[in-house]
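The values are calculated or read from the model by the stated rules, or taken from the named source; none is laboratory data. These figures come from a predicted structure and were not determined experimentally. Counting neighbours? That spans all protein chains shown, and the Cβs are built from the backbone with ideal geometry, glycine included. Keep in mind that these areas ignore ligands, DNA and RNA; they rest on the heavy atoms of the full protein, side chains included. Shrake-Rupley method; radii C 1.70, N 1.55, O 1.52, S 1.80 Å.
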Amino acid sequence: MQHVHAFGDDALGDSDAVGLVERLRSGDVSPAELVEAAIARTEAVNPQLNGLAYQAFDRARRTASAQRGTRGYFAGVPTYVKDNVDVAGMPTMQGTDAWQPHDAAADGDFARLYLGTGLITLGKTQLSEFGFSAAAEHPRLGAVRNPWNTDYTAAASSSGSAAFVAAGVVPIAHANDGGGSIRIPAACNGLVGLKPSRGRLPLDSDMRAMPVRIVYNGVVTRSVRDTAAFYAEAERIRRNPKLPPIGDVRAPGSQRLRIAVITQSIQREPSAEMRELTLKTAALLEELGHHVDYIDRPPVPEHFADDFLLYWAFLATVLVRGGRRMFGPSFDRSRLDNLTLGLDRHATRHLYRLPLAITRLATVRRHTARMFRNYDIALTPTLAHETPKVGHLDPTADYQQIIDRLMDWVAYTPLQNATGDPAISLPLAESAAGLPVGMMFSAHLGQEARLLELAYELEAAKPWPRITGRG
């Protein structure tokens with residue numbers, strides 16, 4: 001199996017983002033050197049990975065040259081932003097080519113915070129059309145491929161960001177998650193992916209307008225400390241007083257936790273391999289002194305999956321039917337993929353059920369809240385089976401085939417999108433095919449610090465493989 005990566009002896013080396021901050025402060029490297037290295041790395045691997053949606057290399061060079069004295073913990077560290085949030089002067093194309101691009105007039109609310117940390121964006125990364133699919137395989141823009149093995153998908157709508165971080169192009173990149181797209185690509189690319197609590201990080205206006213806010217911004221990284229440092233810095237810039245603070249988490253916690261292990265999803269069992277790997281993770285937790293109980297299934301009604309699908313489909317209808325108003329007169333629905341159009345048809349046929357579905361989704365956290373009265377953490381596999389090959393979720397295939405395969409694979413992650421609870425995927429396992437496998441840990445609303453403390457402990461106890469084969 002041939003790995004595709006850009007790690008080398010340039011200014012970036014194999015440092016994570018926190019390591020680069022330390023090197024910048026010591027004068028070992030400059031922002032300009034880091035940006036040039038990240039540009040070169042992008043150009044080296046993008047032909048194979050196809051993660052780049054829009055390049056802003058000259059802008060990044062200008063920003064880097066002007067960064068002396070800039071505030072923000074990550075000042076001078078290169079990054080990418082996923083192409084579904086607004087960045088001033090860059091188009092926001094949402095993973096499609098169904099209209100003529102135009103530059104955003106201003107940063108959206110999230111980009112304002114994200115770039116306020118000092119990160120320098122080199123441009124935008126590719127996603128599935130509107131983020132609906134768990135694989136970015138656009139019929140005209142091409143497939144985003146997994147750097148661990150390019151026969152396989154980089155997974156979910158944050159594919160481009162995850163592929164670039166895993167391949168060493170940048171140490172940290174923006175991702176967001178409407179059904180798992182921080183956690184899924186983290187699982188498939190060997191990364192750390194924390195979906196935060198509802199309200200923890202800002203959303204752009206289009207995402208805030210949703211009846212149930214199921215989308216969450218965040219990052220994908222190669223180390224727990226990078227994720228923890230990002231949330232500490234984001235909280236310094238903007239803290240939601242309605243949530244417990246995360247703080248600056250730098251080490252494992254001392255408290256031994258009560259952990260519920262759930263291998264079955266709401267509607268299906270995982271593959272035998274995923275179940276075995278989850279139980280091995282549970283055994284590791286017991287070895288570390290945590291109290292582990294095995295639970296038959298999530299404490300959520302079976303209608304949750306159908307409710308979530310209908311709501312997901314309704315979001316497609318809003319985009320398909322309102323495309324010209326939202327994206328301009330060049331919008332051409334005939335250029336949308338079969339999944340987007342099929343979701344629109346599904347919502348239209350079942351529109352009479354939508355009010356009940358929204359009501360039930362808005363109250364589903366009551367079910368998980370009862371579980372978290374007895375447990376600190378819940379462990380599940382991140383996904384129901386191993387990473388599929390490119391083409392498994394081909395958006396030109398029949399809609400029913402796509403949606404059946406999608407729901408079969410993405411069987412665990414949507415729950416926390418509806419409840420608002422935080423969840424983190426950690427690359428604690430490996431499939432028989434040699435690909436990373438994620439394990440997902442969720443907690444009660446506002447308990448990101450507890451998840452990060454556990455993540456530090458697991459990272460130390462079972463360091464995850466590196467794509468270079470080192471460390």
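Looking only at the range 318-354, which residues are polar (S, T, N, Q), farther than 15 Å from GLY131 by Cβ and either open to solvent by less than 30 Å² (accessible area, probe 1.4 Å) or touching a Ser or Thr at 6+ places or on another chain (Cβ under 8 Å) (or both)?
The first filter runs over the range 318-354 and keeps only residues polar (S, T, N, Q), leaving 330, 334, 338, 340, 348.
Still in the running and farther than 15 Å from GLY131 by Cβ: 330, 334, 338, 348.
Within the range 318-354, ASN338, THR348 qualify.
For the range 104-211, which fully contained helices (runs of 4 or more DSSP H) count at least 2 residues that are open to solvent by 10 Å² or more (accessible area, probe 1.4 Å)?
109-116, 205-208
For the range 1-95, give me every one of the helices (runs of 4 or more DSSP H) that falls completely inside it and has 2 or more residues that are over 21 Å from GLN126 (Cβ atoms) and open to solvent by less than 40 Å² (accessible area, probe 1.4 Å).
17-26, 31-49
Listed here are the residues, each with its yes/no results for (1) under 12 Å from the mean Cα position of the chain (by Cα); (2) at positive phi.
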site: GLY108; (1), (2): no, no
site: PHE130; (1), (2): no, yes
site: ARG145; (1), (2): no, no
site: TRP148; (1), (2): no, no
site: PRO171; (1), (2): no, no
site: GLY179; (1), (2): yes, no
site: PRO185; (1), (2): yes, no
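Within the set of pairs 6+ apart or on separate chains, which have a first residue in the range 311-333 that is closer than 17 Å to PRO101 by Cβ, a second that is among the aromatic types (Phe, Trp, Tyr) and in a helix (DSSP H, G or I), and C-beta atoms under 9 Å apart?
Final answer for the pair search is LEU319/PHE130; LEU319/PHE327.
Looking only at the range 264-305, which residues are among the aliphatic types (A, V, I, L, M) and either surrounded by 13 or more Cβ atoms within 10 Å (Cβ to Cβ) or touching a residue at least 40 places away in the same chain (Cβ under 8 Å) (or both)?
Filtering the range 264-305 for residues among the aliphatic types (A, V, I, L, M) gives 266, 272, 274, 277, 279, 282-285, 288, 292, 295, 300, 305.
Hits for the range 264-305 are ILE266, MET274, LEU277, LEU279, ALA282, LEU284, LEU285, LEU288, VAL292, ILE295, VAL300, ALA305.
Starting from the range 1-13, keep only residues that are closer than 13 Å to VAL170 by Cβ, then list their pairs with residues that are assigned to a loop (DSSP other than H, G, I, E, B) and among the hydrophobic types (A, V, I, L, M, F, W, C) whose Cβ atoms are within a distance under 7 Å, requiring at least 6 positions of separation or different chains.
Listed by first residue and then by second, the contacts come to HIS5/ALA167; HIS5/ILE467; ALA6/ALA167; ALA6/VAL169; ALA11/VAL29.
Just to check your reading of the model, which residue among ALA449, ALA455, ALA397 is in contact with a helix residue (DSSP H, G or I) (Cβ under 6 Å, 6 or more places away or on another chain) and at pLDDT 95 or above?
After applying the criteria, what remains is ALA455.
What single numbered condition from (1) more than 30 Å from PHE331 (Cβ to Cβ); (2) at pLDDT 95 or above; (3) out of contact with any Phe, Trp or Tyr (no Cβ under 6 Å at 6 or more places or on another chain) fails to hold for SER65?
Only one criterion in (1) more than 30 Å from PHE331 (Cβ to Cβ); (2) at pLDDT 95 or above; (3) out of contact with any Phe, Trp or Tyr (no Cβ under 6 Å at 6 or more places or on another chain) is unmet by SER65, namely (2).
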